[in-house]
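Below is one structure, written out as structure tokens; the observations come after it.
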Amino acid sequence: MSERANFGSKMGVILAASGSAVGLGNIWRFPCMVGENGGAAFILVYILCVMFLGVPVMVSEFLIGRRAKTNAIEAYSKLAPGTPWIWIGITGVAAAFLILSYYGVVAGWTLEYTVASAVGELSGAKDYTAFFNDFVSNPWKPVLYMAVFILLTHIVVVRGVREGIEKFSKIMMPLLLLIICVLVGCSFSLSGFEEGAAFLLRPDFSKVTNKVILDAMGQAFFSMSIGMGCLCTYASYFSKDTDLMKTAGSVATIDTLVALLGGFIIFPAVFSVPGLSADAGAGLVFITLPNVFHLIFQNVPWLGYIFSLMFYVLLMLAALTSTISLHEVSTAYIHERLKWSRKKAAWAVTAGCIFLGVFCALSFGVLSEIKLFDLTIFDLFDFVTAKLIMPLGGMFISIFTGWYLERSIVKAEVTNEGKLKIPFFKFYIFLLKFVAPVCIGLIFINELFK
Ligand code: PFF
């Protein structure tokens, strides 16, 4: 049996895992939610969810993956043979596959916006709502961009864990962080900076409603890639010296910082144009922002060009590091379960996701009338994965680690066989046994009956 692939360095581990976490969830979904839920109060609740629910569940996924050293499905059959726990793995792999199909569609939009920014088409457009609607309802363009995006993902995944995922993350994540810093630097000089910063930093506690708490939890899970096999698969490539707690802490910090900085790029820009609302939902990044770039840089169009291009390149890179992790979940499973070559397994995933992606992409146009439970195909995929499987997955993972797995295994993994001192071990177990299952159970019920 050939030796299993692994990441070559600690930095590689942190950058690959944060590559999975940092994505459209941070720069597209997080600002939408902050805008819709009233700003700083939402952010505060979000940070508490990351610390007390996200990090413990992330550590659990890491320890399951590293202990089992196999793909997300076989990990559970190895640690809990002959039990229904395998369903956490099965639904996780299925979710990763479905998420890639619809996430690839929005990732394709970022590619189109990057191209449109680069060739000057975006700055030349007058009506950004029409620009967006024409594009997403076009019968072939969104399909093409989605397919190209999934093929780009394929090119990285097929090269393997060290030569593909790790190498790519080591180049792209620093580049992504650099672009964010430049863009945040630029946004300091905008007239709306103060208002934008106040919106993000000055909490109005009267806005903390049940909905805000539950939305923040759901968003934290999506953003940290929790509950669907991604982190478990990546952790199966960790070495025995990887400090799981520290890695989870670093990933959570990077992920949260990027989301916040994303807010610092977007809201000062939005508040620089009188009369625009921060509460624009999904259109914030694709309709409001291009409009803002156009208006605030009217007198210096070349600056607007650079700002807009950098922003959409940033969005595209963030999406790409996440689609790679989604692709790897199913590729690793097919490769190991069916003993297919990595290349063949990756092709199967690419072809399958593009096939499903066509239906998701067209659900904004020619297939928009096809609905199930009043949801379009795209919305249905999103609902089933982000709203059902991810919270349920997170809940069962915490129950699995807190109640089912032998405590000695959990301790051995978290302390690297006793080599590390973990002062909060008891608190970690308490969070897993009681806090996480109850709180996540609540998100689930909320999402289901909303
Ligand atoms: N965390 C990614 C984001 O914030 O965009 C989305 C994601 C990636 C979710 C990988 C789940 C996953 F397994």
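Please treat every number below as a calculation from the coordinates, not as lab data. Not measured: the values here are computed from a predicted model. FYI the Cβ positions are ideal-geometry reconstructions off the backbone, even for glycines, and counts take in every protein chain you see.
Of all aspartates and glutamates in the structure, those lying under 15 Å Cα to Cα from Lys387, and not within fewer than 8 positions of it along the same chain, are Asp215, Asp379, Glu447. Counted over segment 349-450 with a bin width of 10 Å, the fraction of Cα pairs per bin, in whole percents, is 14, 29, 23, 19, 13, 3.
Each part gets one Cα centre, and for segment 190-261 versus segment 396-429 those centres are 22 Å apart. Selection among Met390, Pro142, Asn416 by position relative to the dipole of the chain gives Asn416 as farthest towards the positive end (Cβ unit charges, Cα centre).
Over all other residues within a Cβ to Cβ distance under 14 Å of Ser322, the charged ones net out to -1, with Lys and Arg as +1 and Asp and Glu as -1. Distance between the 7 Å Cα→Cβ label points at Leu201 and Leu303: 2.2 nm. Under the convention that each Lys and Arg Cβ holds +1 and each Asp and Glu Cβ holds -1, the size of the dipole of segment 329-378 around its Cα centre is about 440 debye.
At q = 0.05, 0.06, 0.07, 0.09 Å⁻¹ the log10 of I(q)/I(0) for the chain amounts to -0.16, -0.24, -0.32, -0.54, computed by Debye summation with a single uniform scatterer per C-alpha, solvent ignored.
A Cβ-based charge dipole, computed about the Cα centre of segment 118-212 with Lys and Arg at +1 and Asp and Glu at -1, lands at about 380 debye.
With contacts taken as Cα pairs under 8 Å at a separation of at least 6 residues, the chain carries a relative contact order of 34 percent.
Since only Ala40, Phe52, Gly25 are under comparison, the one whose Cα sits farthest along the positive direction of the charge dipole of segment 25-89, derived from C-beta charges on Lys, Arg, Asp and Glu, is Phe52. Sorting 252-260, 77-85, 416-424 by their mean Cβ neighbour count within 10 Å, with the most densely packed peptide first, gives 252-260, 77-85, 416-424.
Using Cβ point charges alone (K and R +1, D and E -1), the dipole size of the chain about the Cα centre works out to roughly 1560 debye. Alpha carbon centre of segment 74-98 versus segment 360-387: separation in Å? Computed from Cα coordinates, the inter-centre distance equals 26 Å. For the Cα atoms of the chain, what angle does the longest principal axis make with the long axis of helix 86-118, in degrees from 0 to 90, nearest 10? For 86-118 against the chain, the angle is about 20 degrees. What residue among Ala278, Met11, Phe364 has its Cα farthest toward the positive end of the dipole of the chain, where the charges are +1 on Lys, Arg and -1 on Asp, Glu, each on the Cβ? Most positive-ward Cα: Met11.
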